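Below is one structure, written out as structure tokens, with a few remarks after it.
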Amino acid sequence: MVTFRIISIGKPPKDWRSEAFQHYRKLISPFAGIEEVFVKEQRVSESSGVEDALKREANSLMKVLANGGYRIALDRSGKQQSSVELARHLEGLFHRFSKYDLVIGGPHGLHESLLRTVDETVSFSHLTFPHDLARILLAEQLYRAMSILNNLPYHR
């Protein structure tokens with residue numbers, strides 16, 4: 001079975017955002033597993049600017065990225081795909097990988113050093129989304145992709 005690990009900066013939400021994510025996690029469970037990993041957000045201060053905080057977050061993220069799995073970063077600089085294109089792309093990857101790490105940055109995004117280590121970078125939009133909302137969108141798109149690949153009517 002395919003396993004998606006969604007790795008995000010920040011703390012697990014305890015409100016409607018968690019409920020929305022769990023809704024899609026339950027829907028996708030017949031097709032794939034979804035695990036959540038949270039990495040502490042680094043504070044920006046006068047002594048350590050945004051660049052330093054992003055580097056520290058990148059170091060923490062790289063420590064939790066799985067070896068042997070396929071690594072995807074979500075970043076506005078990444079490739080945009082339709083839901084059907086994403087589903088077909090994942091289908092092609094399923095023949096080679098069963099574990100996927102999907103990385104979502106914090107308020108300042110992801111450091112370039114991390115973006116250089118992943119297998120690909122994907123963008124949902126040129127718009128910027130809060131990272132907790134990006135988690136929900138990602139879970140929904142993974143469920144939509146699995147629905148497309150299993151000929152279910154959800155994606156219509």
field: Filtered residue count, region 67-107, keeping only those that are of a type in the set (Gly, Ala, Ser), out of contact with any Leu (no Cβ under 8 Å at 6 or more places or on another chain), surrounded by 15 or more Cβ atoms within 10 Å (Cβ to Cβ) and over 19 Å from Phe31 (Cα atoms)
entry: 2
- prompt: Under the condition of being surrounded by 15 or more Cβ atoms within 10 Å (Cβ to Cβ) and not hydroxyl-bearing (Ser, Thr, Tyr), which residue from region 123-132 is farthest from Glu41 (Cα to Cα)?
  reply: Phe124
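Residue-wise test of (1) within 14 Å of the chain's Cα centre (by Cα); (2) at pLDDT below 95; (3) among the aromatic types (Phe, Trp, Tyr); (4) over 25 Å from Ile148 (Cα atoms).
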position: Ile7; (1), (2), (3), (4): yes, no, no, no
position: Gly10; (1), (2), (3), (4): yes, yes, no, yes
position: Asp15; (1), (2), (3), (4): no, yes, no, yes
position: Ile28; (1), (2), (3), (4): no, no, no, no
position: Ala32; (1), (2), (3), (4): no, no, no, no
position: Val44; (1), (2), (3), (4): no, yes, no, yes
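So, Leu93, is that one at pLDDT 95 or above and either touching a strand residue (DSSP E or B) at 6+ places or on another chain (Cβ under 8 Å) or not aliphatic (A, V, I, L, M) (or both) or not? Steps first, answer last, please.
Values: at pLDDT 95 or above: yes; either touching a strand residue (DSSP E or B) at 6+ places or on another chain (Cβ under 8 Å) or not aliphatic (A, V, I, L, M) (or both): yes.
Yes; evaluated as a whole, the condition is true for this residue.
Sort through Leu54, Leu65 and tell me the only one that's among the aliphatic types (A, V, I, L, M) and out of contact with any His (no Cβ under 9 Å at 6 or more places or on another chain). Don't jump to the end; show me each part of the working.
Working: Leu54 fails: out of contact with any His (no Cβ under 9 Å at 6 or more places or on another chain).
Result of the check over Leu54, Leu65: Leu65.
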message: Of the residues Glu19, Glu41, Glu35, only one is under 22 Å from Leu137 (Cα atoms) and in contact (Cβ under 8 Å) with a residue 60 or more places away in the chain; which?
response: Glu41
- prompt: Do we have Ala20 as surrounded by 12 or more Cβ atoms within 10 Å (Cβ to Cβ), modelled with pLDDT of 95 or more, part of a helix (DSSP H, G or I) and in contact with a helix residue (DSSP H, G or I) (Cβ under 7 Å, 6 or more places away or on another chain) here?
  reply: yes
task: Return only the number of the condition from (1) surrounded by 17 or more Cβ atoms within 10 Å (Cβ to Cβ); (2) modelled with pLDDT of 95 or more that Glu120 does not satisfy.
output: (1)
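When you scan region 66-156 for strands (runs of 3 or more DSSP E) that lie fully inside it, which ones turn up with 1 or more residues that are of a type in the set (S, T, N, Q) and out of contact with any helix residue (DSSP H, G or I) (no Cβ under 7 Å at 6 or more places or on another chain)? Give the steps one after another, and end with the answer.
Details: elements: 70-80, 99-104, 120-123.
Ranges flagged: 70-80, 120-123.
The values are calculated or read from the model by the stated rules, or taken from the named source; none is laboratory data. Note that the structure is a prediction, hence the values are computed from the model and not measured. Note that we place each Cβ from the backbone using ideal geometry, even for glycine, and neighbour counts take in every protein chain shown.
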